[in-house]
Amino acid sequence: MAYSRASVTAKVGAPADKVWEHIGSFANLKAIMQGAISDCSLDKTGTIRKLKVKGAKGTVVERLVKYDSLTRTQIYSIVDTPNNIVPFVNYTATIKVAPATSRSCTITWSSRFEPKKGQTAAGCRDFAQMIYDTGIGGVKKKVAPKKKAPAKPKAKAKPKAKAKPRAKKK
């Protein structure tokens, strides 16, 4: 079967190093997946992670293939197991963060894979792109500048009550 590909590229309004702190950490996937991952655990070597997807039975096991902090590149693969819940096999993905300016960057999350029997390339591509969009969206939320709360209007001073005229003494 031929390999298929999926890719999402997005601009982020934060420096590349700050973005890489979130998306580049192999152990940090749960933090950026906005509730889609219910558990993410690493083995003793830090190169194998087990993911539990919220609402799904089974796990996804991923292996870190390459990590390069200088080029801000991470390559990982899904370990094909019988209880794997993803619709593809022979999956390898690359996450790359490239600076655009000193205050912005571009994330590219791409992969190549073979659809499992009974799955379509388009369906697998849509599934992968949904994952990448969720992760990139989570990173954007983490690195977005904190918005200042709108200033509360100052309370107006209450006008002083007018004194009642005093009765004149006789």
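The values are calculated or read from the model by the stated rules, or taken from the named source; none is laboratory data. Because the structure is a prediction, the values reported are computed rather than measured. Cβ coordinates were reconstructed from backbone atoms using ideal geometry, including for glycine residues, and neighbour counts include every protein chain displayed. Only protein heavy atoms, including side chains, enter the accessible area calculation; ligands, DNA and RNA are left aside. Shrake-Rupley method; radii C 1.70, N 1.55, O 1.52, S 1.80 Å.
Restricting things to alpha carbons, find the Rg to Rh ratio for the chain using the Kirkwood radius for Rh.
Checking Rg against Rh, the ratio lands at 1.40.
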Compute the long axis of helix 121-143 from its Cα atoms, compare it with the longest principal axis of the Cα atoms of the chain, and write down the angle in degrees, 0 to 90, nearest 10.
-> 40 degrees
Magnitude of the Cβ-charge dipole (Lys and Arg +1, Asp and Glu -1) of segment 1-158 about the Cα centre, nearest 20 debye, reported as 1220 debye
Roll a 1.4 angstrom probe over the protein heavy atoms and tell me the percent of accessible area of segment 1-64 that is carbon or sulfur.
-> 53 percent
When the solvent-accessible surface of protein heavy atoms is calculated with a 1.4 angstrom probe, in what order do Leu70, Leu64, Leu42 fall, highest first?
-> Leu70, Leu42, Leu64
With every protein chain in place, what's the accessible area of Lys52 (1.4 Å probe, Å², nearest 10)?
-> 100 Å²
Where nothing but the Cβ of Lys and Arg (+1) and of Asp and Glu (-1) is charged, how large is the charge dipole of segment 8-59 around its Cα centre, in debye to the nearest 20?
-> 240 debye
Solvent exposure ordering (accessible area, 1.4 Å, most first) of Glu62, Glu21 = Glu21, Glu62
Regression test value, accessible area per residue of the chain, probe 1.4 Å, units Å², expected 67 Å²
Which value, in Å² rounded to 10, gives the accessible area of Thr59 with a 1.4 Å probe and all protein chains present?
-> 30 Å²
Along its principal axes, what span do the Cα atoms of segment 1-75 show, with the longest given first and each in whole Å?
-> 37, 34, 26
Kirkwood hydrodynamic radius over Cα pairs of segment 61-109, then Stokes diffusion coefficient at 20 °C and 1.002 mPa s, in µm²/s | 174 µm²/s
